[in-house]
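All of the numbers you see were taken from the coordinates with simple rules; none came from a lab. Because the structure is a prediction, the values reported are computed rather than measured. Here the Cβ is made from the backbone with ideal geometry for all residues, glycine too, and neighbour counts use every protein chain on show.
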Amino acid sequence: MPTPSMEDYIEQIYILIEEKGYARVSDIAEALSVHPSSVTKMVQKLDKDEYLVYEKYRGLVLTAKGKKIGKRLVYRHELLEQFLRIIGVDEENIYRDVEGIEHHLSWNAIDRIGDLVQYFQEDPNRIETLRNIQKRNEQAEE
């Protein structure tokens, strides 16, 4: 299994390739706010571990293994964003919160959160009921 840092790189590379059709070291560095030299080191490690194929000055391509994991990591991130929105987390906190928790949850926990998100999305009244409970609790705290 990839480390949390490796996951961040794979996820970002997957997103860049999906959006632009390619991922350059400079694009990855900018997206992750790291130095290009750090990206080069990680890309070499990801190449060695067969998540991608990297040729200096030519770019990189995700392997089937890298694409599969990248897709799953993007799903996890988006699912956690949806979950935090459903439970009423303030929008300005969502990205930071997801970044803080996504590497610490098991895939079993992610699957259960997926079930819960699906449960709420199947019937918008459930979300409304949750919002009403939250409003009552906030009013009780005042």
If you plug each phi of segment 22-38 into the Karplus form 6.51 cos²θ - 1.76 cosθ + 1.60 with θ = phi - 60°, what whole-Hz ³J(HN,Hα) values come out, in order, with x for Gly and Pro? 7, 9, 9, 3, 5, 5, 5, 4, 5, 5, 9, 6, 10, 6, x, 4, 5
Provide the per-residue ³J(HN,Hα) series for segment 89-106, in order, calculated from phi with Karplus coefficients 6.51, -1.76, 1.60 and θ = phi - 60°, each as a whole number of Hz, with x at glycine and proline positions. 5, 4, 3, 5, 9, 4, 4, 4, 5, 4, 4, x, 10, 4, 7, 9, 9, 6
Just one of (1) 43, 38, 27; (2) 60, 28, 26; (3) 41, 32, 25 is Cα extents along the principal axes in Å calculated from these coordinates, so which is it? (2)
Could you tell me the calculated FRET efficiency between Asn137 and Asn108, based on Cβ-Cβ distance and R0 = 25 angstrom, to the nearest 0.05? 0.30
Starting from the Cα of Glu50, move 7 Å in the Cα-to-Cβ direction to define the label point; list residues of segment 60-81 whose amide nitrogen is under 11 Å from there. 64-66
Considering only C-alpha atoms, what is the centroid distance from segment 33-50 to segment 93-142, in Å? 34 Å
Taking a ≥ b ≥ c as the square roots of the eigenvalues of the Cα gyration tensor, with a/c under 1.5 meaning rounded and otherwise prolate when a/b exceeds b/c and oblate if not, segment 4-69 is rounded
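Taking only the C-alpha atoms, wrap a convex hull around segment 74-141 and report its volume per residue in Å³ as a whole number. Don't jump to the answer; show the numbers that get you there.
Details: hull volume 6.6 nm³, N = 68.
Roughly 97 Å³ of hull volume per residue.
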Counting lysine pairs in the chain that sit 8 or more positions apart or on different chains, with Cα atoms under 21 Å apart, gives 20
